[in-house]
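Readers should treat all values here as calculations from the given coordinates under stated rules, not as data from a laboratory. All of these numbers come straight from a predicted model, not from anything done at the bench. Here the Cβ is made from the backbone with ideal geometry for all residues, glycine too, and neighbour counts use every protein chain on show.
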Amino acid sequence: MRCYPRVSAPLFCLFLVTTVTSMLPAQQEVVIYDEAKVPQFTLPDPLVGPNGEKIETAEAWNSKQRPYLIQLFETQVYGKAPAAPGKISYKVTESSDEAFGGKARRRQVAIQLTDDPEGPVLNLLVYLPKTDKPVPTFLMLSFYGNATVTDDPAVMLPTSWLRDNKDKGISGHKASEKMRGTSSGRWPIETILDRGYGVATAYYGDIDPDFDDGFQNGIHPYFNAEGQTKPKADEWGSIAAWSWGMSRALDYLQESEEVDGEKVISLGHSRLGKTALWAGATDTRFAAVISNNSGCGGAALSRRRYGESVQKINKSFPHWFCDNFVQYSHNEDACPVDQHELIALIAPRPCLICSAEEDRWADPHGEFLSGHYASPVYELLGVEGMGVEKMPAINEPVLSRLGYVIRPGKHDVTTLDWQRYMDFADRHVTKAAD
Ligand code: GTR
């Protein structure tokens, strides 16, 4: 294992004062849901370089520290994804200017993910309000495919492997007419269009089906080197693949004249919130990033071990991260990075972290703290950080450029959440107040 001086140099670390009662035994299995049981930990300082040097200028951040942290996340957490394909290849497969009773344009676009014409295709669905101007647009992957986000009958059913779900009419891993609109509660598309935003979405399983098959299906095999059968320990897991797929969608959105390619917001919920953060960290073309209930491996600090821990996530979802991440199960302090540095990689672009009160598995407080400890990087880059010292109360959104909001209720995406996303985007992306 490599040695990381930045982690073992306490002089340069941030010390967190927590109400600690005890250190956890190395093999803890219980889920921590009590703040008093959160172990004492030391976070790596995002503004300390590999040799203990202080990062004091935006220039040093951009030229040295940012690439250094990206490389640590790539090799230790998500795995390194391949470069973008040289040429973007896509086909508009369906198009209408009469969606939602004539108020919107609908575009369905098949984006070729590899040079192989038989290879995987990302089927993007785009809704845009009717206007002559290019439209700022939210890009958000879905869990069950485009046909579930709306009951618009013109939307094509997914053809990729789907997780069986009785309520959604999915069995034998295949789509059915019954699935139409079954996730529409999370997608208030007309409200979004009314506020002047577009929505672009695709099914994450078009990129890589979400189950552990040793990376035999999905995008991974297309990038294996000669004789390689699975990604190496520091190469992409599924989250990195989904993020890479979001970048391929952005390739298209930036070519479309109807979309404002400079104002595409990377957004995602839960595992796709982790994905949205990593996409925004690695691809600076995203104008802003919003993570909803992203939790462990997303916005939540791993070292807190509150709710879902690194051990638990690696055990339940061995394909999400790169194999090197397994060494940090029950061993979070050894990881050279923590998730506040993922947020810092989005700086100085706007980033909104959203939590839900009952979503303790995702550790709302840990999600807030990531933003808090990323703030010095925003400030170094000359923009405001979170600007609050303490976690705000329920329903008191902090809509700073590095924002945080916690609402009542469960792990979900609600219309209230969308209102916050749009309030945030109005302030920091479309009206660019700061
Ligand atoms: C849970 C997982 C979380 C979160 C969630 C989801 O089972 O433990 O990390 O990603 O799934 O994506 O819905």
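For region 37-180, what relative contact order do you get, as a whole percent, if you take Cα pairs closer than 8 Å and at least 6 residues apart?
Relative contact order here is 11 percent.
Order of 235-246, 43-54, 112-123 by packing, highest average Cβ count within 10 Å first? Don't skip to the answer; put the middle values down first.
Working: 235-246: 27.0, 43-54: 18.1, 112-123: 16.0.
Ranked by mean Cβ neighbours within 10 Å, highest first: 235-246, 43-54, 112-123.
Calculate the length of the line joining the C-alpha centroid of region 169-241 to that of region 32-93, in whole Å.
23
When only Cα pairs under 8 Å and 6 or more residues apart are kept, what is the percent relative contact order across the chain?
Relative contact order for the chain comes out at 15 percent.
Is region 374-434 rounded, prolate or oblate when judged by the Cα gyration tensor, a ≥ b ≥ c being the square roots of its eigenvalues, rounded requiring a/c under 1.5 and prolate requiring a/b larger than b/c?
Cα axes put region 374-434 in the oblate bin.
Charges only on Cβ, +1 for Lys and Arg, -1 for Asp and Glu: so what's the dipole of region 267-402 about the Cα centre, in debye to the nearest 20?
Charge dipole of region 267-402: 260 debye, to the nearest 20.
So, by mean Cβ neighbours within 10 angstrom, what's the order for 65-78, 166-179, 137-150 with the highest one leading?
For the peptides 65-78, 166-179, 137-150, the packing ranking is 137-150, 65-78, 166-179.
Would you mind classifying region 153-308 by shape? Square roots of the alpha carbon gyration tensor eigenvalues, ordered a ≥ b ≥ c; an a/c under 1.5 is rounded, otherwise it is prolate if a/b is larger than b/c and oblate if not. Kindly include the intermediate steps, with their values, before the conclusion.
Values: a/c = 1.35, a/b = 1.13, b/c = 1.20.
Cα axes put region 153-308 in the rounded bin.
Could you tell me whether region 293-365 comes out rounded, prolate or oblate from its Cα gyration tensor? Rule is a ≥ b ≥ c as square roots of the eigenvalues, rounded for a/c under 1.5, then prolate if a/b exceeds b/c, otherwise oblate. Kindly include the intermediate steps, with their values, before the conclusion.
Numbers: a/c = 1.86, a/b = 1.26, b/c = 1.48.
Oblate is the answer for region 293-365, as a/c is 1.5 or above yet b/c matches or exceeds a/b.
Sequence-distant or interchain residues sharing an amide H contact under 5 Å with residue 32, placed H: which?
Amide H neighbours of residue 32, under 5 Å, 5+ apart: 307.
For the chain, with only Lys/Arg (+1) and Asp/Glu (-1) charged at the beta-carbon, what is the dipole magnitude about the Cα centre, in debye rounded to 20? It would help to have the intermediate numbers written out before the result.
Details: 44 positive and 57 negative charges, 43 e Å.
Taking the Cα centre of the chain as origin, the dipole is about 200 debye.
Can you give me the relative contact order of region 207-284 as a percent, contacts being Cα pairs under 8 Å and 6 or more apart?
That works out to 24 percent.
Hey, which lysines would be in cross-link range of residue 174, C-alpha to C-alpha under 25 Å, not counting anything within fewer than 8 residues on its own chain?
List returned: 91, 166.
Which ordering of 365, 428, 220 is given by a fewest-first count of other beta-carbon atoms within 10 Å?
In increasing order of surrounding Cβ atoms, one gets 365, 428, 220.
Show me the ranking of peptides 368-377, 273-282 by mean Cβ neighbours inside 10 Å, starting with the highest.
The densest-packed peptide leads the list: 273-282, 368-377.
Using the alpha-carbon atoms, what tilt in degrees (0 to 90, nearest 10) does helix 271-282 show relative to the longest principal axis of the chain?
Between the helix axis and the principal axis of the chain, the angle is about 80 degrees.
Under 19 Å between alpha carbons, and skipping anything fewer than 8 positions from residue 263 in its own chain: which lysines qualify?
130, 133, 431
Would you work out the charge dipole size for region 204-249 about its Cα centre, treating the Cβ of every Lys and Arg as +1 and the Cβ of every Asp and Glu as -1, and quote it to the nearest 20 debye? All intermediate terms of the calculation are to be shown ahead of the outcome.
Numbers: 3 positive and 8 negative charges, 27 e Å.
In total the dipole reaches around 120 debye.
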